[in-house]
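Remarks on the structure that follows.
The values are calculated or read from the model by the stated rules, or taken from the named source; none is laboratory data. This is a predicted model, so every value here is computed, not measured. Virtual Cβ from ideal backbone geometry, glycine too; neighbours counted across all protein chains shown. All accessible areas refer to the heavy atoms of the entire protein, side chains included, with ligands and DNA or RNA removed. Shrake-Rupley method; radii C 1.70, N 1.55, O 1.52, S 1.80 Å.
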Amino acid sequence: MSADPKIVELLSELHQLIKQTQEERSRSEHNLLNIQKTHERMQTENKTSPYYRTKLRGLYTTAKADAEAECSILRHALDKIAEIKSLMEERRIAAKMAGVYSDSDPPRKTMRRGVLMTLLQQSAMTLPLWIGKPGESPPPLCGAIPASSDYVAKQGDKVAARVKAVDGDEQWILAEVVSYSHSANKYEVDDIDEEGKERHTLSRRRIIPLPQWKANPETDPEALFSKEQLVLALYPQTTCFYRALIHAPPHRPQDDYSVLFEDTSYADGYSPPLNVAQRYVVACKENKKK
C-alpha cells in the first residue's frame with residue numbers, strides 16, 4: 001500500500017517541530033548555565049548583592065520565556081501527533097469497510113491470537129498522556145474520569161461491551177464501535193476477538209467507552225482509580241473484562257494499575273496482583289460482589 005501523501009506531509013511538519021524543539025533547548029542552555037554560575041559566585045562570596053539580585057531576575061525571566069516557547073512547540077508537536085493518529089485511524093476504518101487491509105491490521109480471520117494481544121498492548125502503550133496547562137482539569141475519558149452523559153463513541157472507538165455469551169451468561173468484552181443509531185439509541189459493535197466474528201446491537205447502558213488519555217499520577221492523581229475501588233479490568237492475554245479491586249494505582253505515567261481480580265478459586269476470593277494498563281480499566285457500575 002503506497003504512503004498517504006497527507007500523512008507524509010504531517011510527518012514532515014512533525015519532524016520540523018522536533019528540530020525546532022532541539023534548537024530552542026540548545027539556545028536556552030546558555031542562559032541556564034549563566035544562572036548556575038551566578039549562584040555559584042554568590043555562594044563563593046557568601047553574599048546576595050543588589051547586582052546579583054538584578055542579574056538573577058533578568059536571567060530567570062529569560063529562562064521562563066524560553067521554557068514557555070519550548071512548551072508551545074512541544075504542544076504543537078503533540079497536536080500534530082494526534083492529527084496523524086486520527087488520520088491513520090480514519091484510513092484504517094475506510095480500508096476495513098472496503099475490505100482492504102494493511103500488514104499492521106490484517107483481517108480478523110487471519111489474525112493469530114498472539115498478533116491480537118500484541119496489537120492490544122501497543123494500543124495501551126501509545127495511548128497519549130494528558131498534559132494540561134497550569135490549573136487545567138483533566139477532561140472526560142482521561143484515566144478514571146467517565147464520559148459525559150451525552151457522549152457518543154465514534155466509529156472505530158474501542159469500548160467495553162456487555163454481551164450474552166453462548167451459555168447465556170453475560171460478560172464484558174472488548175469491542176470496536178461500528179455505528180450508533182440516534183433514533184434507536186443503540187450501538188453496533190464488533191467483538192475485537194477474531195475468534196468471535198460477531199456483531200452485537202447494544203443499548204448505551206451496555207457500552208463503556210475506554211479512556212482516550214492516560215492520567216498522569218504525578219500531576220492529576222484525582223483522575224485515577226483509588227486503592228480498593230471496584231473496577232472492570234481486561235484480564236491479561238484475554239479480550240474480556242472482569243470485576244477487580246484496585247491493589248495499587250500507577251505511581252508514574254508509564255506504570256500500569258495493579259489489580260486483584262475476583263476469583264473464587266482463592267481463599268480470600270481474589271487473585272494475586274496483576275498489572276493492567278490504564279487503557280483497559282473502567283468503572284464498574286455494580287457495587288455488590290457476586
Practice task
Please verify whether the stretch 171-179 includes one or more residues that are closer than 26 Å to residue 271 by Cα and without any contact (Cβ under 8 Å) to a residue 60 or more places away in the chain.
Solution key: yes
Fill in the blank from the handout: So the strands (runs of 3 or more DSSP E) completely within the stretch 177-290 holding 3 or more residues that are open to solvent by less than 40 Å² (accessible area, probe 1.4 Å) are 186-191, 199-203, 207-209, 230-234, 240-248, 257-261
Handout entry: Residues of the stretch 152-169 satisfying the condition of being open to solvent by less than 70 Å² (accessible area, probe 1.4 Å) and over 23 Å from the mean Cα position of the chain (by Cα)
Key = 163, 165, 168
Exercise for the section: Kindly indicate whether any position in the stretch 162-173 is more than 24 Å from residue 118 (Cβ to Cβ), among the basic types (Lys, Arg) and in contact with a strand residue (DSSP E or B) (Cβ under 9 Å, 6 or more places away or on another chain). Expected result: yes
Practice task
May I ask you to verify whether residue 173 is open to solvent by less than 70 Å² (accessible area, probe 1.4 Å) and under 30 Å from residue 131 (Cβ atoms)?
Solution key: no
Fill in the blank from the handout: Note on residue 125: of the conditions (1) hydrophobic (A, V, I, L, M, F, W, C); (2) open to solvent by 60 Å² or more (accessible area, probe 1.4 Å); (3) modelled with pLDDT under 90, unmet is (3)
Practice task
Scan the stretch 40-51 and give yes if some residue there is aromatic (Phe, Trp, Tyr), open to solvent by less than 80 Å² (accessible area, probe 1.4 Å), at pLDDT below 95 and part of a helix (DSSP H, G or I), otherwise no.
Solution key: no
